[in-house]
Amino acid sequence: MFIPSALSVCPLFLHVAQADLKTLLTCLGASERHYKKASFVFHEGDPARWVGVVLWGGVHVLQQDFWGNRTILQRMEPGGLFGEAFCCAGADSSPYPSLAI
């Protein structure tokens, strides 16, 4: 299993030795997903079932108003962590605005 360097700057894995990352990711059931540019990772209201880490590229946290206007609230770079607060709190759905590549 290839371990991306972005995990070394991710707050979730800061104090985990590089040699232990492979075992930890396996225990957590980690998987790698690829998204095309301009696609959505998840939308507001989707089930909050997993935690994400940006490995390559970037992710925008978007808020869309009633008329369809989008505002970028945040840009996450490699190592950025998202979804952890809602997933770990056992929230039924994410109140987080949409995340897009």
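A few points about this structure:
- Here Thr26 passes the criteria (1) more than 17 Å from Ala85 (Cβ to Cβ); (2) open to solvent by less than 60 Å² (accessible area, probe 1.4 Å); (3) free of Cβ contacts under 8 Å to residues at least 40 places away in the same chain except the one numbered (2).
- Here Val59 fulfils each of the conditions (1) within 18 Å of Gly83 (Cβ to Cβ); (2) over 14 Å from the mean Cα position of the chain (by Cα) apart from (2).
- Elements of type strands (runs of 3 or more DSSP E) in the range 35-86, at least 2 residues being open to solvent by 40 Å² or more (accessible area, probe 1.4 Å): 59-64, 70-76
- Conditions (1) out of contact with any helix residue (DSSP H, G or I) (no Cβ under 9 Å at 6 or more places or on another chain); (2) open to solvent by 90 Å² or more (accessible area, probe 1.4 Å); (3) touching a residue at least 24 places away in the same chain (Cβ under 8 Å); (4) outside any loop (DSSP other than H, G, I, E, B); number of the one not met by Leu12: (1)
The values are calculated or read from the model by the stated rules, or taken from the named source; none is laboratory data. Source: prediction; values computed, not measured. Glycine gets a Cβ as well: all are built from the backbone with ideal geometry, and neighbour counts include every protein chain shown. Calculation scope for accessible area: heavy atoms of the full protein, side chains included, ligands and nucleic acids excluded. Shrake-Rupley method; radii C 1.70, N 1.55, O 1.52, S 1.80 Å.
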